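I have placed the structure first, in the form of structure tokens, so that the comments after it can refer back to it.
The values are calculated or read from the model by the stated rules, or taken from the named source; none is laboratory data. Owing to the predicted nature of the structure, the values given are computational and were not obtained by experimental measurement. A quick note on method: Cβ atoms are made from the backbone with ideal geometry, for glycine too, and the neighbour counts reach across all protein chains shown. SASA here: full protein model, heavy atoms, side chains in, ligands and nucleic acids out. Shrake-Rupley method; radii C 1.70, N 1.55, O 1.52, S 1.80 Å.
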Amino acid sequence: MIRTLTIEDAALRRGGRLLFEGVSLTLQAGQACALTGPNGSGKTSLLRAVAGLVRLEGGAIGFGDVDPHDARGGGLHFVTHADGLKPARTAAEELAFWSRWCGGSEATAQAAAEALELVPLLRLEVRRLSAGQRRRLTMARLLAAPRGLWLLDEPLSPLDARWRETFGSLMRRHLAEGGLILAAVHDPLPIPTLSLELPA
Amino acid sequence: MNRLVALLARETALAWGRGGGPMVAVAFYAGVATFLPLAIGPEPTRLAAIAPGAAWVALALASLLSLERLFERDYEDGALDQLVLSPAPLELTCLIKCLGQWMANGAPLALAAPVAAIGLGADPASAPLTLACALLGGLAFAFLGGIGAALSLGARRGGLLTAVIVLPLFVPPIIFGGGALDAFAAGLPWTGGFALLGAYALATVAVGPIAMAAACRNALS
């Protein structure tokens, strides 16, 4: 389980443009960090770099004593608006597949569906879900397969006030269990966080 | 292992629906096979001579139809990110995806192949060999197509690019399979061509996923 995330002097270039450089962060078990910055400042790219999906131009990312390969192969969750849900499949099929893919079981998927009040929606095709319902279906992965580090890209944006609060308490519980959260946000998260601002 | 079984089930189901699914591919196949007597003339002797080869070429073309979206949709909707962030090696994931494509598209096309060949006038005795060649050839087509689909990720009109990339790679299975079918029709030993087709198909299964995984990683970064 990931207990530490360190970003040292990270620099990232996308499409020939230097997005940021000299970005550093240390996150310990139980800590969350809000990643802020204007549109196009590289928040999503930094999350993708932590997930190992894009390579840094300079600097390093470490996961404490966990090997980066293991950390990225099953040690972290990455939740974005690009949720990988197929419109023609039912919510139940997608939930069952993604929780199994992330290493959860049928029981944990069921528990996640109950916690996120997805049960009445499970028979619907994904195309019939609203943006907020889709996001809840995506977040069910976080609960169905516990992983140390959550990388969240605008986690609250499609959620209404009540679900923002509920998700806040889920994040608090994750932190209390020794988890870590790095979230790209525009609005502040409903939990105490460190903050890292990327320059324009 | 559990997760790979789940992935195979999902990929097969998705491939069944992708680009109209196997029924569209089979209909396209039937259409191309019907064109031949219209273009070449309906004399049975002339048609029978080219029937096995013609059915074989039409099969290769029909198997191209649904390849375009094999990786494209997962790439666009973020599923590929999630598939990468897993303890399962990406190579194995790509192998499963192509296997799903083969089960949902290659296998129905293979079942249609003997029907098309006999419809064009091939000897009914060649049906089992036609089916076996189509199954093995379809495996090679699915894995070669996967390489093309992964390489053309992010390109505009990726489907066309996929076809251009993979057509040259389709040459060996076309030659081996067509050779085996021709030899069988002529009463000559056909096992050589068939064995080479099998070897080529297995080689694509072994090597293809490595190329696909590299192409996917490159497209994501």
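Miscellaneous remarks
- Here the dipole of the range B:27-183 is about 180 debye; that uses its Cα centre as origin and unit charges on the Cβ of Lys and Arg (positive) and Asp and Glu (negative).
- Pairwise centroid distance, computed over Cα atoms, of the range A:8-70 with the range B:185-218, Å: 41 Å
- Unit charges at the beta carbon, dipole of the protein assembly as shown: most positive-side option, A:GLY73, B:TYR75, B:PRO209: B:TYR75
- From the alpha carbon centroid of the range B:85-101 to that of the range A:80-110 is 17 Å.
- Computed with a 1.4 angstrom probe on protein heavy atoms, the B-A interface buries about 2100 square angstrom of accessible area in total.
- Unit charges on C-beta of K, R, D, E only; dipole of the protein assembly as shown, Debye: 460 debye
- Relative contact order of chain B, pairs being alpha-carbon contacts under 8 Å that are 6 or more residues apart, as %: 26 percent
- The ratio of the alpha-carbon radius of gyration of chain A to the globular-protein estimate 2.2 N^0.38 Å is 1.01.
- Per-residue SASA entry for A:HIS69, accessible area with 1.4 Å probe, Å² rounded to 10: 140 Å²
- Residue-normalised accessible area of the range B:2-220, expressed per residue, 1.4 Å probe, Å²: 41 Å²
- Ordered from longest to shortest, the equivalent ellipsoid semi-axes for the protein assembly as shown are 49, 22, 17 Å, each the square root of 5 times a Cα gyration tensor eigenvalue.
- Residues losing 20 Å² or more accessible surface upon assembly, the range A:69-100, compared with the chain by itself, 1.4 Å: A:ARG72, A:GLY73, A:PHE78, A:ALA82, A:GLY84, A:LYS86, A:ARG89, A:PHE97, A:TRP98, A:ARG100
- Residues losing 50 Å² or more accessible surface upon assembly, the range B:75-98, compared with the chain by itself, 1.4 Å: B:ASP77, B:ASP81, B:GLN82, B:LEU85
- Angle between chain B longest axis and helix B:127-151 axis [Cα atoms, degrees, rounded to 10]: 30 degrees
- Loop-resident sites, the range A:81-178, for trypsin sites (Lys or Arg not before Pro), counting at most 13 other Cβ within 10 Å (DSSP): A:ARG123
- Here the sum of -39500 (n - 2.57) over DSSP H runs of 4 or more residues, divided by the residues of the protein assembly as shown, equals -18000 deg cm²/dmol at 222 nm, to the nearest 500.
- Percent carbon-and-sulfur accessible area, the protein assembly as shown, ignoring ligands, DNA and RNA, probe 1.4 Å: 62 percent
- Rounded Å value of the spacing that divides the Cα centres of the range A:151-183 and the range B:30-55: 64 Å
- Relative to the dominant Cα principal axis of chain A, helix A:91-101 is inclined by about 50°.
- Each Cα pair under 8 Å and six or more residues apart adds its separation to the average, and for chain A the resulting relative contact order is 33 percent.
- Rounded to 10°, Cα long-axis angle of helix A:106-115 versus longest principal axis of chain A: 90 degrees
- Based on every Cα atom in chain B, Rg and the maximum pairwise Cα distance Dmax equal 17.7, 59 Å.
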